[in-house]
1. Test of understanding: what is the full-extension gain from PHE62 to SER82, defined as 0.36 nm times their sequence separation minus their Cα-Cα distance?
2. Convex hull over the alpha-carbon atoms of the stretch 33-77: what's its volume per residue in Å³?
3. Of ILE78, ILE53, ILE84, which has the most accessible area and how do the rest follow, probe 1.4 Å?
4. Figure the gain on full extension for ALA45 and ILE23 (residue separation times 0.36 nm, minus the Cα-Cα span) and round it to one decimal in nm.
Amino acid sequence: MNNYLIPANSKKSQLILGFFTPIDLALFGTGCGLTLLLLMLVKNASAVEMIIILLPALVTGFLVTPVLYYHNVLQFIINVVSFIFNARRYYWRGWCVKYDSDDKQ
């Protein structure tokens, strides 16, 4: 008794347009609003300035874009960022049985 079958997409129906939470839309709206404000304030912008002006909308759009396999993509982004900004030195030797140099690392 009281055995309910919950459909797999039941949480999706709680989202706005099936993809976004209210926080996502507020974040994206803030980025777009800031971009519109900057577009109205800055006149005769060069290409580099235009890219900087469009960055708030582009970054917030990237942050709220629904991504399949979210956790896999998030882990990939974390790995890339830690590789780029980490001060470690990575050594590559490959699959050799015998090395030509004597440095041991």
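The values are calculated or read from the model by the stated rules, or taken from the named source; none is laboratory data. Predicted model, so just to flag it, every value in this text is computed and none were measured. Accessible surface is based on the protein model in full, side chains and every heavy atom, while ligands, DNA and RNA are left aside. Shrake-Rupley method; radii C 1.70, N 1.55, O 1.52, S 1.80 Å.
1. Values: separation 20, 0.36 × 20 = 7.20 nm, distance 1.91 nm.
Net length gain for the segment: 5.3 nm.
2. Numbers: hull volume 3.3 nm³, N = 45.
So the per-residue Cα hull volume is 73 Å³.
3. Values: ILE78 85, ILE53 10, ILE84 110 Å².
Sorted by accessible area, descending: ILE84, ILE78, ILE53.
4. Numbers: separation 22, 0.36 × 22 = 7.92 nm, distance 3.13 nm.
That works out to 4.8 nm of additional length.
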